[in-house]
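Note sheet for the following structure.
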Amino acid sequence: MTDTVTVRVPAKVNVQLAVGGLRPDGFHGLANVFLAVGLHDEVTASPADVLRIGATGPDAHQVPLDDTNLAARAARALAAHHGLDAPAVHLGLRKDIPVAGGMAGGSADAAGALVACDALWGTRTPRGELLALCAELGSDVPFSLLGGAALGRGRGELLTPLAVGGTFHWVFAVADGGLSTPEVYRECDRLREASGTGATVAAVPEPEPSPALLDALRDGDAAALAASLAGPDGASSNDLQPAALSLRPALADTLKAGTSAGALAGLVSGSGPTCAFLTESAESAASVAESLLASGTCRTARPTTAPAPGATLLS
C-alpha cells in the first residue's frame, strides 16, 4: 500500500446527445457521443481514519463535502465491493472542470476516486468490474474512466469506443451558476409535450447516432464535425439544448457571441449551462475565447483540445 495516489480525470463534451422518450423507470434512452477534452480535475487519495473529502480550485465552494459527493460514494462502493469495513481515506479534489456545467466534473471525480482508492488500497480491481461500479454511480462515470471518444447507449453507460482521426480545438464558455440535469430532462419532456409530439418512448423515436458525425470524428474533419453539430435549420446535435435555452435564455447570447467570433459551430454541452465551440485551430480557439470574454456573455472561456485520455494515474 502506498501513502498517496493522484489520478487525473478529464471533462467531456457531448458532440451528440440524442434523447429518447421517457421510460417507465424514469430514465431516457440515449445515443450519446462522448468526447473527452483537456480540462481536468485531479483526485488525490491518502490514508485517513475515516472518509473525508476536501476540494480546492475554481468553484470549489460549490462542491459538497459529504456523502452526496460522487467521489465519496465511489470510495464507499469500492470498499463494499471488496468487503472492506469502511473506506478510511481522504479524497482531495483539485477542481478545474466547471461545477454543474454539463461537463461531467462530478462523474470525473467519481472515476478518479475509484482508480485512486483501488491503487491506494492495493485491491487491483479488474477494469470490467471498475466500469460496472462506474455505471452504478452514474451514467457519465464509465466514460470518465474510459476517456477518448465513445458512443454511449442505454442511459449512456453502455460504451463503445470510437476512433478519432485527429485533434479537435474547442473553447468552453462557462456561465454563472449551474443547471440541474434532472430539471433539464424534465424541461425537455415538457417541451415535447407542449409541441404535441409527446414525451414517452411510445412517441419519441429510438435515438441513433449520426453516421456523418461519427465519420467526421474518425476522419479528424473539423468542418464536417461542425456541420453535424449545428445543421442549416438551426437544429443542434444536442436534444437537451432547447430545454437548457428555455431554462437559461441568456445562453442564446453566448452561442451567438461564439459563432460570431469565428467558431465553426457552437452548442450547449450536455445539460448545460457551459457552451462548447468547435474551432479550426489553436489560434482560432484563442481568438474565440478572447472575444467571448469581451462579450460579457460568460464568466470564463477556456480553449483546449480533444480527445483526452481517461482516468490516469499520476503517482
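The values are calculated or read from the model by the stated rules, or taken from the named source; none is laboratory data. From a predicted model like this one, the values you see are computed outputs, not experimental measurements. Every residue, glycine among them, receives a Cβ derived from its backbone with ideal geometry; neighbour counts consider all protein chains shown.
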- request: Considering every residue within region 137-158, establish whether at least one is part of a loop (DSSP other than H, G, I, E, B) and either among the hydroxyl-bearing types (S, T, Y) or closer than 24 Å to A48 by Cα (or both).
  value: yes
message: Tell me yes or no: at least one residue of region 116-126 is of a type in the set (F, W, Y) and more than 22 Å from R52 (Cβ to Cβ).
response: no
field: Wholly enclosed helices (runs of 4 or more DSSP H) of region 235-315 bearing at least 3 residues farther than 28 Å from L191 by Cβ
entry: 282-295
- line: Checked against (1) surrounded by 14 or more Cβ atoms within 10 Å (Cβ to Cβ); (2) out of contact with any Leu (no Cβ under 8 Å at 6 or more places or on another chain); (3) assigned by TED's automatic domain parsing to the domain that holds L91; (4) not acidic (D, E), L191 satisfies every condition except (3)
task: Find the residue count for region 84-94, including only residues that are of a type outside the set (G, A, S), under 17 Å from E42 (Cα atoms) and surrounded by fewer than 21 Cβ atoms within 10 Å (Cβ to Cβ).
output: 2
query: Which of the residues that make up region 151-168 are under 17 Å from P309 (Cβ atoms) and among the polar types (S, T, N, Q)?
result: T167
field: Test: V171 is touching a helix residue (DSSP H, G or I) at 6+ places or on another chain (Cβ under 6 Å) and surrounded by 19 or more Cβ atoms within 10 Å (Cβ to Cβ)
entry: yes
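Residue by residue, here is whether (1) of a type in the set (V, I, T); (2) out of contact with any Phe, Trp or Tyr (no Cβ under 9 Å at 6 or more places or on another chain); (3) in contact (Cβ under 8 Å) with a residue 24 or more places away in the chain holds:
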residue	(1), (2), (3)
L247	no, yes, yes
A257	no, yes, yes
L267	no, no, yes
S287	no, yes, yes
A294	no, yes, no
R299	no, yes, yes
T304	yes, no, yes
G310	no, no, yes
S315	no, yes, yes
- prompt: Which of the following residues is farther than 24 Å from G26 by Cα and touching a strand residue (DSSP E or B) at 6+ places or on another chain (Cβ under 8 Å): G270, G177, G198, G266?
  reply: G266
query: For region 124-136, how many residues meet the condition of being in a loop (DSSP other than H, G, I, E, B) and surrounded by 15 or more Cβ atoms within 10 Å (Cβ to Cβ)?
result: 1
message: From the list G20, G54, exactly one residue is among the small types (G, A, S), touching a strand residue (DSSP E or B) at 6+ places or on another chain (Cβ under 6 Å) and free of Cβ contacts under 8 Å to residues at least 40 places away in the same chain. Which is it?
response: G54
- request: Kindly establish whether T254 is within 28 Å of S281 (Cα to Cα) and of a type in the set (S, T, Y).
  value: yes
message: Being touching a Pro at 6+ places or on another chain (Cβ under 8 Å), of a type in the set (A, V, I, L, M, F, W, C) and over 30 Å from A119 (Cα atoms): is that true of A285 here?
response: yes
- prompt: So is A79 under 20 Å from G147 (Cα atoms) and among the small types (G, A, S) or not?
  reply: no
query: So F143 fits all but one of (1) surrounded by fewer than 21 Cβ atoms within 10 Å (Cβ to Cβ); (2) closer than 19 Å to S237 by Cβ; what number is the exception?
result: (1)
